[in-house]
Structures are given as structure tokens and as C-alpha cells.
Amino acid sequence: MGAAALAAIEGFVREPRHPVGEEIEIRLKRLPDAFEGFRIAQISDIHFGPYMDRQGVERGVQLARGMHPDLLVLTGDFVSHSIGKANGLDGARHAEPCADVIAQWKDMPKIAILGNHDHWNNADLVAGALVERNIRVLRNGSTPIERAGSRLWIAGVDDALVGLADMPKTLKGIPATEATVLLAHEPDYADYAAKFPVDLQLSGHSHGGQVRIPGVGPIVLPEMAAKYHTGLNRVGEMQVYTNWGLGVITPPVRLLCPAKVTLITLRRSLQ
């Protein structure tokens, strides 16, 4: 009983509410010299709603701020519907207090994409709340970051699970020779994205499974997160990194799978 009590405290209290930081270096062959050491903080799957409040978002944002990144990327699922209610406008309105907290970090460029839960509630309302607070939202689009005459492209697809991702449209206007980081909510989208001139895909969606068993791994994973649900993987010439997310969905538990904020430092490949 004591072990069960400890597991309950860990799963329902500590891991969901106390995010940890992960730092990872990723080497890209096409990274321009000017972007050597470029630092990207990634927050994903906030799921503002019944199990995530302003204080929880603040913990994640403060953790990211302490990493001193050059860019903050937000890889979807900002909201969840309220308990006892269906997906819809009520859930989408959670985007406003969520975005309020993120927007308090005023000196940091922020780029976001939407996830399936944002669409299931109301994608336009979620995107509007972010844009109104100067958080750029990419929905099958891209934007360059410039340094010393070189460019690094940040591209973002609309959500693949709801059938709105459009890679040709997303990459339109990006020279095929220039380094590109793709934001795609579902990690298994990498199997398709790797067919295009993309160097790195950053994803969320999996939550790491929320509950992981030693020697087994996650026991339940969502659709389009069965293959690349954790950490850094390679798909052909492209790499895909999957963040475990800040929030949870029902049941609101994390066990051996803490909420996570990631700092990705880009390095030029030695080969």
C-alpha cells in the first residue's frame, strides 16, 4: 500500500505538475555557419483546461526562459475541453489565458502550430488568441530567420491528424538548398515529411504515453505517435525530435514520464 501511495503521488501530483528540462544537441548537415549553436526552446501539448492552469503554464515558460533560447516554438494542442463538456467553443476559449502567460515573455520570438485538440475545439479561435498576442502561427506556411546573411527556415504544417497538413504549400518559397526545421504536431508525420528537403522535424502529441513501464515503455499512445513517440529519431536523411509535452489528457496522470520542456541546440554536422 505504501508503494501504491507513492506511485499515486508521483503520477498524479509530482510528474504532471513539475516539468523537467531536457537539453539536446542536434547536428544538421546544411546548417549555416551563422546558426552554429542556435538554441530553440520547445513547449508542446499544454492542454490548458481542467488539468492545466495559468500557474502550470508559468512553470513551463519559466523553465524555458532559464534555458536562454534564441527562439521559442510551440508545437500544438494549446487547449482541452472542460470536464463534462464536449469539444467546442468553451474549450477553445482556454487559448486566451494560455496565450496570456506565454505572451508575458515579450523579448522572445515565438512560432506556433496547431494540434488536433485545437482543431477539435475551434482552430480559428485558438489561432486568433495566439496571433493577437504576437505569437506567430504557421498553418502550412514558413518564415525565415536571418543571421549574418544566412537563413534558417522554420516551417509549420497544419494538423495532420485532421487531414489539413500540406507539405508542398508549407515549403513553397523555401529554396531546396536551405536548412529547414519543420514543426509538425504528430511525430509519425515524419514518414511523409522525410520525402521533402527538411532537415529536422519537431513534434509533440505523444505525451510520451503519460505512463511508461520499465523495460516496456509507453502502454498507450495516440494515433500518429506510435513510431517516433520519444526523443530523437532518424527517418532517412531527416531527424525528428518528439517532446513529451507540458500537459495531460484524461486520465490526468504521468508515471515515469514527466512533463518536459526541451532546449535544442543546433550544431553543424561534422560529416
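None of the figures in this text is laboratory data; all of them are computed from the coordinates on show. All figures in this text were calculated on a predicted structure; none of them were measured in a lab. Cβ: placed from backbone, ideal geometry, glycine included. Neighbour counts: every protein chain shown.
Of the residues LEU63, LEU72, which single one is touching a residue at least 60 places away in the same chain (Cβ under 8 Å) and aliphatic (A, V, I, L, M)?
LEU63
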Worksheet item: With THR242, THR170 as the choices, which residue is touching a Ser or Thr at 6+ places or on another chain (Cβ under 7 Å), within 18 Å of ILE46 (Cβ to Cβ), in contact (Cβ under 8 Å) with a residue 12 or more places away in the chain and of a type outside the set (A, V, I, L, M)?
Response: THR242
